[in-house]
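Have a look at the structure below, then the notes.
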Amino acid sequence: MEDLKELIADSVAGKSKAQAKIYQLLAPKMYGVCLRYAKDSTEAEDNLQEGFIKVFTNLKSFRDEGSFEGWVRRIMVNVSLEKFRKQQVMYPVEDVTVYDKVVDRDDALAMLSADELIEMIQDLPPRYRMVFNLYVMEGMNHQEIAKEMDITVGTSKSNLARARMILQKKVMESYGDVATKNNSTA
């Protein structure tokens, strides 16, 4: 812990070796965060680099209240959201009751690898991907998402419901037959 505090202090002082160590320490995890919000690995790499520029630019404002990794993660999420807001036009849909049907396919989901899930999430339309990640990965509620993305709570709910439906469909297309066969032989 003291090593991290020292690295942060040295980075604030402009020591590039300390900055490089912080980057090496956190870049792999933060790339994973960026990848969930990006449409592909190139965009994730761009967000990662832009995020670390903001980290080092604003490092003096880190108050050591909570984890440093959490602070960096929040910057990465914010960079991804900023890029999304600049690139996307949101089309609100208010009627979420159309998407209330929930399909439980635990067997199919259990066969899914983390890489396959990330790929399926990346294939979501951008607005659905953002809402899904903020809700599922970041644990934000719909009011927080609505405020963060400048949309209504109803739009957040409908975008999440659509994202889930798309993901369920993709999982079932990929593994549904296997899950059905496994259930019928059990």
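Computed from the coordinates by the stated procedures, all read-outs in this text should not be read as laboratory data. Worth saying up front: this structure is predicted, and the values here are computed from it rather than measured. Reconstructed Cβ throughout: ideal geometry from the backbone, glycine too, with neighbour counts over all protein chains shown.
For the pairs Lys17/Lys83; Lys5/Lys60; Lys83/Lys147, note any where the Cα-Cα span goes beyond 19 Å. Each step should come with its number before you reach the end.
Details: Lys17/Lys83 29 Å; Lys5/Lys60 12 Å; Lys83/Lys147 16 Å.
Over 19 Å Cα-Cα: Lys17/Lys83.
How about region 39-70: which chymotrypsin sites (Phe, Trp or Tyr not before Pro) there lie in a loop by DSSP and see at most 16 other Cβ atoms within 10 Å?
Values: sites: Phe52, Phe56, Phe62, Phe68; in loops: Phe62.
For chymotrypsin sites (Phe, Trp or Tyr not before Pro) across region 39-70 that sit outside H, G, I, E and B with at most 16 neighbouring Cβ atoms in 10 Å, the list reads Phe62.
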Work out from phi, with θ = phi - 60° and the Karplus expression 6.51 cos²θ - 1.76 cosθ + 1.60, the ³J(HN,Hα) of each residue of region 35-42, listed in order in whole Hz, and give x for Gly and Pro.
4, 5, 9, 8, 7, 7, 5, 5
If the cut-off is a Cα-Cα distance under 23 Å, which lysines reach Lys170, setting aside same-chain residues fewer than 8 apart in sequence?
Lys39, Lys101, Lys157, Lys181
Report ³J(HN,Hα) in whole Hz for each residue of region 115-121, in order, from the Karplus equation J = 6.51 cos²θ - 1.76 cosθ + 1.60 where θ = phi - 60°; Gly and Pro get x.
5, 5, 5, 4, 4, 5, 5
Packing rank of 133-140, 76-83, 31-38, where each peptide gets the mean count of other beta carbons within 10 Å, highest leading
31-38, 76-83, 133-140
